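What follows is a short report on a single structure.
Just so it is clear, none of the values below were taken in a lab; they were calculated from the coordinates. Just so you know, these numbers come straight off a predicted model, no measurement behind them. Here Cβ is always computed from backbone atoms with ideal geometry, including for glycine, and neighbour counts include all displayed protein chains.
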């Protein structure tokens with residue numbers, strides 16, 4: 001019997017159990033008791049409904065707003081991409097055939113300039129031919145250097161005569177390899193050299209030369 005006790009003691013000593021003491025330190029806590037959330041939520045919901053009903057007590061329905069009339073004619077349906085392309089092609093055909101006039105102001109060749117201090121609405125009136133043309137200079141057949149000389153002579157005479165509006169035909173330069181060089185030189189002269197002498201200039205109407213001509217509005221001396 002003594003040998004058995006000693007054997008048990010030796011076995012407990014060999015198999016050391018360092019965490020055995022934790023059983024006495026930590027105790028299993030009971031799971032928290034369920035609260036009565038359901039009842040509280042029901043109570044809060046009921047209180048909210050009572051408040052809403054009290055707030056809406058004096059609200060009355062506007063019968064006229066039950067059905068809002070809509071004018072279906074003013075609703076523009078969305079066009080498909082294919083239909084839009086067909087419309088553009090058809091528009092180009094009409095322009096090329098002469099059935100529809102092209103809007104010059106929408107093209108890249110259209111030019112206009114207005115001096116500082118002047119209302120730019122003048123440009124619209126100028127382009128639309130609201131000012132009577134008093135004299136015209138045609139630069140067809142001139143070289144660039146010859147055209148510059150002719151422009152200077154023409155503008156000096158116009159200023160000296162106190163003319164209000166003149167027209168200068170510069171051409172579009174479609175046959176030139178370098179493009180509309182005379183047109184560019186004309187614009188540079190007017191907006192730089194004659195800047196203080198003129199009010200504005202713009203491309204002419206189609207009947208007056210269109211993109212190949214320029215209306216020039218001159219200051220009165």
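With contacts taken as Cα pairs under 8 Å and at least 6 residues apart, the range 118-219 reaches a relative contact order of 34 percent. The DSSP beta bridges internal to the range 104-218 are antiparallel in roughly 75% of cases. This ranking places 151, 169 by how few other beta-carbon atoms lie within 10 Å of each, fewest first, which gives 169, 151.
In terms of packing, defined here as the mean over residues of other Cβ atoms within 10 angstrom, the peptides 126-132, 202-208 line up highest first as 202-208, 126-132.
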